[in-house]
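Below: one structure, written as structure tokens.
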Amino acid sequence: MAVLIKNIKKLVQAETAPIPFRAGSEMSNLPCIDDAYLLVVGEKIHDFGKMSDFSEKMLEKIGEPVEVVDATGRMVFPAFCDSHSHIVYAGSREIEYIDKIKGLSYEEIAKRGGGILNSVDRLRAASEDELFADAWNRLEEVASFGTGAIEIKSGYGLDTENELKMLRVIRRLKEKSPLTIKANFLGAHAVPREFIGRQTEYVDLIINEMIPMVAAEELADYVDVFCDRGFFTPEDTERILMQGIKYGLQPKIHANELDYSGGIQVGVKYNARSVDHIEYTGDEEIEALLGSETMPTILPGAAFFLGMVYAPARKMIEAGLPVAMAGDYNPGSCPSGNMQFVLSMGCIKYGMIPEEAINATTINSAYAMGVEDILGTITKGKLANFFITKPISTIEFMPYAYGSNKVATVYLKGKKVVDNGQVELN
Ligand code: NIG
Ligand code: FE
């Protein structure tokens with residue numbers, strides 16, 4: 001069945017000529033069409049334009065029934081692309097959250113054996129079915145806030161068996177879910193307890209055993225490393241990235257969250273798709289990123305939850321760089337995957353204007369997960385992944401009304417998958 005959305009108050013991010021991302025001053029450019037229509041046939045965007053250019057004859061040519069949706073007073077946005085998440089995990093970590101409130105840092109909690117290793121213990125004890133069910137609920141949750149594509153990392157297994165277990169869960173999510181999913185192998189998320197004091201041996205295990213097995217089963221699209229103070233060094237990172245590339249996995253890494261760790265430079269050197277977190281980005285890091293194909297990606301939810309310094313997004317944009325924003329849904333540093341909140345944070349804490357923040361969570365984050373050819377904008381031939389808002393006044397209202405769910409319905413691959421419905425207080 002085809003779908004016609006008509007009388008759209010504003011069709012946001014409507015792009016006729018496909019582009020890979022928007023950088024620098026271009027980030028404040030957000031092409032929109034007022035009083036628009038959007039026509040979907042099958043899984044794809046077939047056509048769009050101004051209502052004044054629409055004619056019923058267009059529907060006759062399609063040759064199949066067309067469902068008509070009247071979007072008067074409502075806007076249509078491309079669904080968010082969340083290019084960084086860890087939604088396959090077991091249990092939760094609110095005890096550490098209390099430790100954090102009482103003053104312990106993320107690194108101190110990790111040193112005491114909490115943090116990532118706490119989630120590793122729980123994940124190892126969980127079955128594939130349990131992990132799948134929990135992750136599926138999180139997918140439903142993020143979709144209800146308007147996310148249509150998500151990258152998911154391993155990294156709570158930290159041994160061959162459990163890393164493969166996580167990646168197989170991600171593969172099942174890919175197969176079953178209407179969201180577009182990319183898998184990222186993050187064996188180098190932390191040094192597991194059994195290798196503490198033998199970090200190089202653990203890196204050897206990742207290189208010699210895990211990467212070849214991940215590649216043999218075609219379980220991952222990307223390879224990741226947490227390259228930061230107290231975690232993996234730039235030297236460890238180089239070794240892992242070289243092996244990943246040899247096995248067909250492009251890097252996409254965690255860098256410079258805790259210090260000027262050299263992670264950004266290593267990422268650029270190995271042509272990473274993105275470098276993520278990047279709170280510690282100075283002139284040298286910006287210089288390295290300029291002219292590269294690596295997307296600087298900030299994770300507002302993690303910086304907010306951990307009370308970290310905020311990445312200098314404004315400075316990066318002024319320097320001519322693109323910036324993407326992603327959710328980082330995980331049990332330790334960001335137990336939320338709400339991309340509408342990320343949008344608000346981009347404006348409130350990073351000084352982005354709403355147009356920049358929308359570009360950062362759609363086209364630029366689509367690039368950061370390698371789906372810019374099929375997602376991230378309303379463009380003919382791309383997948384019909386979009387949401388219809390509740391009645392809203394302006395696009396600025398989206399980040400302004402933080403905490404509210406402004407999304408009414410979500411369509412993924414041309415099908416309505418979310419209806420946030422109405423609450424009736426009788
Ligand atoms: O992206 N920084 C490293 N990894 C995750 C946190 C993982 C955890 O604490 O469980 C992140 O923030
Ligand atoms: Fe992360």
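Once segment 111-150 is narrowed to residues that are basic (Lys, Arg) and free of Cβ contacts under 8 Å to residues at least 40 places away in the same chain, the residue that is nearest to Asn405 (Cα to Cα) is Arg122.
Residue-wise test of (1) of a type outside the set (D, E, K, R); (2) closer than 23 Å to Phe341 by Cα; (3) within 16 Å of ligand 2 (Cβ to nearest atom).
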{"residue": "Thr72", "(1), (2), (3)": "yes, no, no"}
{"residue": "Met75", "(1), (2), (3)": "yes, yes, no"}
{"residue": "Ala79", "(1), (2), (3)": "yes, yes, no"}
{"residue": "His86", "(1), (2), (3)": "yes, yes, yes"}
{"residue": "Ala90", "(1), (2), (3)": "yes, no, no"}
{"residue": "Arg93", "(1), (2), (3)": "no, yes, yes"}
{"residue": "Tyr97", "(1), (2), (3)": "yes, yes, no"}
{"residue": "Ile101", "(1), (2), (3)": "yes, yes, no"}
{"residue": "Tyr106", "(1), (2), (3)": "yes, yes, yes"}
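The requirement of being crowded, with 16+ Cβ neighbours inside 10 Å, among the charged types (D, E, K, R) and either at negative phi or within 16 Å of ligand 2 (Cβ to nearest atom) (or both) is satisfied by Arg138. Among (1) under 22 Å from the mean Cα position of the chain (by Cα); (2) surrounded by fewer than 24 Cβ atoms within 10 Å (Cβ to Cβ); (3) in contact (Cβ under 8 Å) with a residue 24 or more places away in the chain, which single condition is Thr160 missing? The number of the failed condition is (1). Scanning segment 215-235 for residues that are without any contact (Cβ under 8 Å) to a residue 60 or more places away in the chain, more than 15 Å from ligand 1 (Cβ to nearest atom) and among the charged types (D, E, K, R) yields Glu217, Glu218, Glu235.
Listed by first and then second residue, the pairs with beta-carbon distance under 8 Å, at least 6 apart or on different chains, first residue in segment 301-319 and among the aromatic types (Phe, Trp, Tyr), second part of a helix (DSSP H, G or I), are Phe304/Met345; Tyr310/Pro300; Tyr310/Ala303. Scanning segment 141-164 for residues that are within 16 Å of ligand 2 (Cβ to nearest atom) and of a type in the set (Asp, Glu) yields Glu151, Glu163.
Residues in segment 14-50 that are in a strand (DSSP E or B), out of contact with any Pro (no Cβ under 7 Å at 6 or more places or on another chain) and in contact (Cβ under 8 Å) with a residue 40 or more places away in the chain: Cys32, Ala36, Leu38, Val40, Val41, Lys44, Ile45, His46, Asp47, Phe48. Go through the residues of segment 159-171 one by one and say whether even a single one is charged (D, E, K, R), out of contact with any Gly (no Cβ under 8 Å at 6 or more places or on another chain), modelled with pLDDT of 95 or more and not in a helix (DSSP H, G or I). Yes, that holds for at least one residue. Taking the conditions (1) touching a residue at least 12 places away in the same chain (Cβ under 8 Å); (2) more than 17 Å from Val225 (Cβ to Cβ); (3) within 18 Å of the chain's Cα centre (by Cα); (4) surrounded by fewer than 24 Cβ atoms within 10 Å (Cβ to Cβ) in turn, Lys182 satisfies each one other than (2). Filtered by the rule that a residue be among the polar types (S, T, N, Q) and either closer than 30 Å to Phe195 by Cβ or in contact with a Gly (Cβ under 6 Å, 6 or more places away or on another chain) (or both), segment 129-158 gives a lone residue, Ser154. For Gly337, the test of being within 16 Å of ligand 1 (Cβ to nearest atom) and touching an Asp or Glu at 6+ places or on another chain (Cβ under 8 Å) is passed. Condition check: at positive phi, modelled with pLDDT under 95 and not polar (S, T, N, Q). Does Gly262 satisfy that? When the stated conditions are applied, Gly262 does not pass them.
Could you tell me whether any residue of segment 350-363 is within 15 Å of ligand 1 (Cβ to nearest atom), of a type outside the set (S, T, N, Q) and over 17 Å from Phe21 (Cα atoms)? No - not one qualifying residue is present in segment 350-363.
Filtering segment 280-303 to residues that are within 15 Å of ligand 1 (Cβ to nearest atom) and over 21 Å from Thr362 (Cα atoms) leaves only Tyr280.
Being modelled with pLDDT under 95 and either over 22 Å from Ile395 (Cβ atoms) or surrounded by 15 or more Cβ atoms within 10 Å (Cβ to Cβ) (or both) is a description that does not apply to Met27.
The values are calculated or read from the model by the stated rules, or taken from the named source; none is laboratory data. A quick note: this is a predicted structure, and the numbers were derived from the prediction, not measured. Please note: Cβ atoms are built from the backbone with ideal geometry, for glycine as well, and neighbour counts cover all protein chains shown.
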